[in-house]
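*Asks:* Pasting a structure below so you can have a look.
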Amino acid sequence: MTSPPFNQHTPTALDLRIETAVGYGVQELHRHGDGGLLTAAHAALAVAHRDLEAAERDVAFHRVRLARLASSELPVDQALFARIRRTLDQLATAAAVRDAKQAAATAVLEPIEAAAPRQAPPQVATKDIAALLAIAQGAKLHEHLVTHRLAVATHARTRISYAQLQHLEALGLVERDTSHPVQAGQPVTLTDAGRSVLTAPRRSGPPRITPARVPTAVSAPRR
């Protein structure tokens, strides 16, 4: 069976509900899922929606195939009727699978909808966003053996100061596994709130600047 590329979006009946519940489109949901930035509930929703998209593609394939058979110039004989019946059966099976996948995705979506409206994520500085993105790729807090200074080393080859780590912890955006000694490295990971900050839609472009009002010139009185 020929199907669209995996990264091509196929519309589903749940797209609008998902966008309303999570605050961004389904394609962005998939990208965040691939990047490991989603909470467990949102990650499960991304997987369920991809399954639903695949089922919708199967339905579309068999529907197009049926339309081609009906509009073709093939001889109208028992062989054509047999092909049409076979394609109808395949379409019915694909539709049943699609309905099951939609029900499964709806079951994952409904608790997310019930939790809305969610608390708006805190306003986070640009440098903290950059630190969260680096931590999302993997990070550990280390203590230098000589100076005993603490710093976070990330897989992205960036270093985050201990002061900034404490700041992010105070905001509830990251957490560290204190069961490991700092000499060996304590893993630092994002919390659900930290993931929400990274996946929250952000306004693009520079802030709007209101031009200053120019005072109206006043004519000098005539003498």
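*Asks:* Give me Rg over Rh for region 1-155, both radii from the alpha carbons and Rh done the Kirkwood way, two decimal places.
*Replies:* For region 1-155, the value is 1.22.
*Asks:* Largest first, how would Thr189, Thr199, Thr93 line up by accessible area (1.4 Å probe)?
*Replies:* Correct descending sequence by accessible area is Thr93, Thr189, Thr199.
*Asks:* Beta carbons within 10 angstrom, averaged per residue: use that to sort the peptides 178-185, 22-29, 75-82, highest first.
*Replies:* Descending packing order for the listed peptides: 22-29, 178-185, 75-82.
*Asks:* If you average the alpha carbon positions of region 131-176 and of region 15-40, how far apart do those two centres end up, in angstrom?
*Replies:* If you average the Cα positions of each part, the centres end up 27 Å apart.
*Asks:* Could I ask something else about it? Provide the gained length on full extension for the span Arg68 to Ala170, in nm with one decimal, where the gain is 0.36 nm per separating residue minus the Cα-Cα distance.
*Replies:* 30.5 nm
*Asks:* A further question follows. When Rg is the radius of gyration of the Cα atoms in region 131-194 and Rh is its Kirkwood radius, what does Rg/Rh come to?
*Replies:* 0.94
The values are calculated or read from the model by the stated rules, or taken from the named source; none is laboratory data. The model shown is predicted, which means the values in this text are computed figures rather than measured ones. Ideal geometry is used to build each Cβ from the backbone, glycine not excepted, and the neighbour counts take in all protein chains shown. Protein only, heavy atoms only, side chains kept; ligands, DNA and RNA dropped before computing areas. Shrake-Rupley method; radii C 1.70, N 1.55, O 1.52, S 1.80 Å.
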